[in-house]
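Undergrad: Dropping the structure in here first, questions after.
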Amino acid sequence: MADLGELLQVAMRRRHLSAETLASRTGIRTPRIKVFAQDGARGPVPPTEQELAEIATALGLPLTEVLDAARTPAGMMV
């Protein structure tokens, strides 16, 4: 299982979305999206459950997958 950062990077790349585009679709500020994609949920700015739900919807991902990724430490294989 991927951590949140990896999941976001892959999903955004597959959908040809920039951080700015994802931010406009979710209402989450671009710098926060960039931090989530780079550092995942363990970065200096952890995402809220509401933000994770908005990201899941905007990327067409199951909420459970995004929540699980947010709980998976970077580099840990489950």
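Undergrad: Which value, in Å², gives the accessible area per residue of the stretch 1-49 when a 1.4 Å probe is used on the protein heavy atoms?
TA: 59 Å²
Undergrad: Just the number, please: carbon plus sulfur as a percent of the accessible area of the stretch 33-73, 1.4 Å probe, no ligands or DNA/RNA counted.
TA: Of all accessible area on the stretch 33-73, carbon and sulfur atoms account for 55 percent.
Undergrad: Can you give me the three principal axis dimensions of the stretch 12-78 from its C-alpha atoms, in Å, biggest first?
TA: Cα extents, longest axis first: 31, 24, 22 Å.
Undergrad: For a Förster distance of 22 Å, can you work out the FRET efficiency between the beta-carbons of SER24 and VAL45, rounded to the nearest 0.05?
TA: It comes to 0.70.
The values are calculated or read from the model by the stated rules, or taken from the named source; none is laboratory data. Please read these numbers as outputs of a predicted model, since none were measured by experiment. Ideal geometry is used to build each Cβ from the backbone, glycine not excepted, and the neighbour counts take in all protein chains shown. Areas reflect the complete protein model, heavy atoms only, side chains present, ligands, DNA and RNA absent. Shrake-Rupley method; radii C 1.70, N 1.55, O 1.52, S 1.80 Å.
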